Amino acid sequence: MTTPEYEPTPLETIFTVEATPIKFGRGAASEAGWEAARLGMRRVLLVTDPQVAQLGFVGDVAAQLRAAGMEVRVFDRARVEPTLSSLQEAVTFAREYNPDGFVSLGGGSSIDTAKVANLLLTHGGEILDYVNAPIGAGRKPAGPLLPHLAIPTTPGSGSEATTVAVLDLPELKVKTGISHRYLRPSQAIVDPELTRTAPAAVIAAAGLDVVCHAAESYLSRPFDSRTRPASPGERPPYQGSNPVSDVWSAQAIRSGGEYLRRAVASADDLEARGMMMLSATMAGVGFGSAGVHIPHSCAYPIAGLKHEYQAKGYPSAFVPHGFSVIVTAPAAFRFTYEAMPKRHLQVAEWLTGHPPRRPGPDSLPDALIELMRDVGAPRGLTELGYNEQDLPALVAGAIKQQRLLAVAPKMPTEADLEGILRASFENW
């Protein structure tokens, strides 16, 4: 009797990089009508939030769309940190109006709201049908969506360039999302002028999100360390670091280190705010291919479990996404250091502009903490309202994010996540 020859599981040899076409520059938003017409829109749903709706941007963009021959209806009830109910309200509105295209104007929450409304208008079903498993059914859209022109007003989420829409599920005390390549907007307009009215704390939270996106992407497991999928359709959106995503992520990290402090310090520093907006898009392209992992996995329960923290410049009490991500980043990167030391030291050098003086596991955490302190970020989980008693729930929420954790360079156990979260109560 012969023993069957062992055949190793084949590793991945392919990665994909897709990017939203970007129009960037001061005054670029004045070309919204031309871009929407180019995309074939005639009946537009303009999605924004109540805060942006008060600033005059919405009227300007709507006027441009109408001047280009389009009918326009405005939905101005997108919620900062969308919930299932707020997204359902947008879906219902879209189904009643039945547009042939979407324009989103605002932060990542408005852009994500437009993505979900577009998805359900085009392909039907319920929101939880498409939410990532195991929280939702993980249904994949059958084909492309209606055209979507995304116009961000904050330099942070990079949603104008990503395949992801994030939502909060308060009843489950967790955040999750929908992810598919068809959710990526058809075109983005990135205009630094739109950031003038954003408060410093909003710029800080958004900019720290940029830095963390890019760092997690650059410090994700290599794409060719994953098992090859059985078919191209099973290749995950988050594939691990690759030579192209590295380029986008690296530049976003450099820009964060160089420009974020300035962008927070002055609303009139449009060079700095513009570079942070561009960096958000760059980071979106990078992590849209490579992925994010431990800090974002921890951020979902941090943002979902409690809504007590009141950040300056925000309309209500909740944990802004960038703050929920960055508070665990120092401990997370201290944990992953041994998996790729050279890359961690490189990120620290890009952030600070000089090689680490004492290279080691603390180099990148120290660089991040210095940046956090300079832009007024919360010190850690304690400031966000958490204590030791919350650790089991935080760990349970983080471990559910297997889609993200799968690209971590060092896969954490529940005990590892508890250690990361425990170390994040006070970063300084």
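The values are calculated or read from the model by the stated rules, or taken from the named source; none is laboratory data. Please read these numbers as outputs of a predicted model, since none were measured by experiment. Reconstructed Cβ throughout: ideal geometry from the backbone, glycine too, with neighbour counts over all protein chains shown. Accessible surface is based on the protein model in full, side chains and every heavy atom, while ligands, DNA and RNA are left aside. Shrake-Rupley method; radii C 1.70, N 1.55, O 1.52, S 1.80 Å.
Taken over segment 201-236, residues that are open to solvent by less than 10 Å² (accessible area, probe 1.4 Å) and in contact with a Lys or Arg (Cβ under 6 Å, 6 or more places away or on another chain) amount to 1. Might you check whether a residue that is assigned to a helix (DSSP H, G or I), open to solvent by 10 Å² or more (accessible area, probe 1.4 Å) and in contact with a strand residue (DSSP E or B) (Cβ under 7 Å, 6 or more places away or on another chain) occurs anywhere in segment 161-181? No - not one qualifying residue is present in segment 161-181. Residue under question is Arg26, and the condition is that it be closer than 30 Å to Met275 by Cβ, touching a residue at least 24 places away in the same chain (Cβ under 8 Å) and among the charged types (D, E, K, R); does it hold? Against the criterion (closer than 30 Å to Met275 by Cβ, touching a residue at least 24 places away in the same chain (Cβ under 8 Å) and among the charged types (D, E, K, R)), Arg26 qualifies. Return yes or no: is Leu145 within 29 Å of Gly322 (Cβ to Cβ), open to solvent by 10 Å² or more (accessible area, probe 1.4 Å) and without any contact (Cβ under 8 Å) to a residue 40 or more places away in the chain? Criteria met by Leu145. Of the residues screened, Asp374 is one that is under 24 Å from the mean Cα position of the chain (by Cα), in contact (Cβ under 8 Å) with a residue 40 or more places away in the chain and either within 24 Å of Ser245 (Cβ to Cβ) or in a helix (DSSP H, G or I) (or both).
Within segment 361-378, is there a residue that is in contact with an Asp or Glu (Cβ under 7 Å, 6 or more places away or on another chain) and either open to solvent by less than 10 Å² (accessible area, probe 1.4 Å) or within 21 Å of Ala201 (Cβ to Cβ) (or both)? No, because not a single residue in segment 361-378 is in contact with an Asp or Glu (Cβ under 7 Å, 6 or more places away or on another chain) and either open to solvent by less than 10 Å² (accessible area, probe 1.4 Å) or within 21 Å of Ala201 (Cβ to Cβ) (or both). Go through the residues of segment 255-264 one by one and say whether even a single one is among the charged types (D, E, K, R) and either under 28 Å from Glu338 (Cβ atoms) or assigned to a loop (DSSP other than H, G, I, E, B) (or both). No: zero hits. The criterion of at least 1 residues that are out of contact with any Gly (no Cβ under 7 Å at 6 or more places or on another chain) and closer than 24 Å to Glu171 by Cβ is met, among helices (runs of 4 or more DSSP H) falling completely within segment 304-360, by 321-326.
From the residues in segment 68-89 that are more than 20 Å from the chain's Cα centre (by Cα) and within 15 Å of Leu128 (Cβ to Cβ), which one is least open to solvent (accessible area, probe 1.4 Å)? It would help to see each step written out before you state the result.
Filtering segment 68-89 for residues more than 20 Å from the chain's Cα centre (by Cα) gives 68-77, 85, 88-89.
Within this subset, residues satisfying the condition of being within 15 Å of Leu128 (Cβ to Cβ) are 85, 88.
On the way: Ser85: 87, Gln88: 56 Å².
Among them, the one singled out is Gln88.
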